[in-house]
Amino acid sequence: MRKHSDYKVTFHGVDNAQYFQGHGIAMTKFDDCATGIGFSNAEAFDDALEQLATQGWNAEALEQEIIARSLDGEKLKDKPDMSLGDGCRYYISVDVKV
């Protein structure tokens, strides 16, 4: 498993799938990224971490560090923050560096 030395979490908010412009790491210091989608921030975050895990990253260690440092020790809420329109989802990207 690849271990990260740095990371960045981007909360894109709520968007419709057909309008979301995506997320990339070109011209940045990061080596890989994943964008998760879901009916809540928590679901989108879990989706992004799952994608990174399938790409060989140690997602468990990454999640623990993000929760401890970036989220002040608290997990994201599991329930949706607001009612979503048709086709709208929460988007969160996680960038990682070796």
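Going by the conditions given, is residue 37 touching a residue at least 40 places away in the same chain (Cβ under 8 Å) and assigned to a strand (DSSP E or B)? Before you say what the answer is, go through the steps one by one.
Details: touching a residue at least 40 places away in the same chain (Cβ under 8 Å): yes; assigned to a strand (DSSP E or B): yes.
Spelling it out, residue 37 is indeed touching a residue at least 40 places away in the same chain (Cβ under 8 Å) and assigned to a strand (DSSP E or B).
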The correct count of residues that are open to solvent by 40 Å² or more (accessible area, probe 1.4 Å) and over 13 Å from the mean Cα position of the chain (by Cα) in the stretch 15-38 is 11
Which pairs do you get when a residue that is under 20 Å from residue 46 (Cα atoms), found in the stretch 11-29, comes within reach of a residue that is assigned to a loop (DSSP other than H, G, I, E, B) and open to solvent by 100 Å² or more (accessible area, probe 1.4 Å), reach meaning Cβ atoms under 8 angstrom, with the pair 6+ apart or on two chains? 14/82
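The values are calculated or read from the model by the stated rules, or taken from the named source; none is laboratory data. These numbers come from a predicted model, not from an experiment. In this analysis, Cβ positions are derived from the backbone assuming ideal geometry, glycine residues included, and neighbour counts consider all displayed protein chains. The protein model used for the area step is the full one, side chains on, heavy atoms only, and it has no ligands, DNA or RNA in it. Shrake-Rupley method; radii C 1.70, N 1.55, O 1.52, S 1.80 Å.
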